[in-house]
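Have a look at the structure below before the remarks.
Laboratory data are not the source of any read-out in this text; all were calculated from the coordinates shown. In this text, all values refer to a predicted model and were calculated from it rather than measured experimentally. Neighbour counts run over all protein chains shown; Cβ positions are idealised from the backbone, glycine included.
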Amino acid sequence: MSIAFLFPGRGSQRPGMLHRLPDTAASATVLAEADWALRRLAARAGSADAAGAAGRAGTAGREYADGIAELDTAEALEKSPVACHVALLVAGVAGARAMSEDEAVTPAFVAGEDVGGYAAAVIAEVLTLEEALRAVRLRGELLERAEEPEGDVAIRLAQHLATVERRPQRVPYVSGAYGRSLRGDTNAVLDELARSVARPVPWEKVAAALADEGAACCVELPPGRALTSRTAAVPGMRVVSVEEYGLADAAEFARPAGPGGTGGSEAGGSAHEGSPSGHAGGGPAHEAGPEAGGGGHAGAGGDDPWSGHSGFA
C-alpha cells in the first residue's frame, strides 16, 4: 500500500488560492521562502535593467517586487501566465509540505500535470523551490510572448534545466510519457518537465502508471480537484482533494494506505462511510508488475517516449 501526491496544472488556478492554503507552519514556511525568492528575482531583474540589459525578462521580473502578495488576484491570474505558473507551483509545494510535515503523511510517489510537474519535482527533491520558481517563471514568460513554437519553448526550457545542479532524488516521479516511475534518474525527470510544454501527456496515462506502480491512494494538493475526478476512474484507486476536504480530513483518509497502514476495506470497493471518499473506485487495486519501476533513462536504446515529435529530432 502506498500514497501518491498529485499536483494540478493550468486550469486549476483560482483567485485567492494562495490565501486559502492550509494554515500550518510548513505551509507558512513555503510561502515565506517563495516570497523571499521572488523578491530576489525581482531585484536581479531590476539590476539588469539598470545596467542597460535589453529583453523582456527584466520587465516581467518586476511583477515580483511585492513577492507573492498579488500573485493570486483575479487580474494577475487572467492576464499573466507567469503569475499563474508561479502561483500553481507555490500552492502545490505548500500543500504537500503541510501534508508531510504537519500531518506526517508522506508520498511514495509524486506526479504532476503541466506546471504541476515542477511542484512534483520539488517534493521529489529533483529541484529546489527557488530552482523551480526560476524555471516556471521562464516557462510562463516564453508562453506569454508566443514568439516561438512550443517545440522551441521546450528546447529553451531544456537548456535552462541543464544548468540545474543534479542531486539525489528522494521520491519516485511517475511519468506518463515513460509509463512508469522515474527513480534515481534526475535527467529523465527534467527532460519530461521541459518537453511537456510541447507535448502534454494525457492524465489517463499518468493515472494508469500510478496504478501499475502500486499506488493505493492519491492525494491531490491545492488548488482544486481536477485530478481527483480524473484519477477516480482507475479501478480500486482511492483519491482525495486537500482543498475540497481540508488538510486534516484528507490526511486521515490517506493514512491507511501509508507505511504501517492496514489499507482497510477502503482499498478497493466502497470507500469508508462518512469519509471524504465518494471517489474510491470499485474492484481490486492494480498491483505493480515485475517490470514496474526501473532506473535508467528510457530515452536510451530507441525507447524515447517523445520520439517522432517535431522539434525533438
Could you work out Rg/(2.2 N^0.38 Å) for region 3-266, with Rg from alpha carbons only? 0.97
Sorted by Cβ neighbour density within 10 Å, fewest at the top, the residues Ser12, Ser181: Ser12, Ser181
How big is region 113-254 on each of its three principal axes, counting only the C-alpha atoms and giving the largest first in Å? 43, 31, 26
A correct fewest-to-most ranking of Met99, Met237, Met17 by other Cβ atoms within 10 Å would be Met17, Met237, Met99
Going by C-beta contacts inside 10 Å, put His19, His160 in order with the fewest on the left. His19, His160
Kindly work out what percent of the DSSP beta bridges joining two residues of region 3-266 are antiparallel, to the nearest 5. 20
For Gly112, residues with placed amide H under 5 Å, excluding near neighbours: Phe7
Region 3-266: relative contact order as a whole-number percent, Cα under 8 Å and 6+ apart: 24
Spin-label pair Asn187/Thr128, simplified geometry with 7 Å Cα→Cβ offset, distance in nm: 2.4
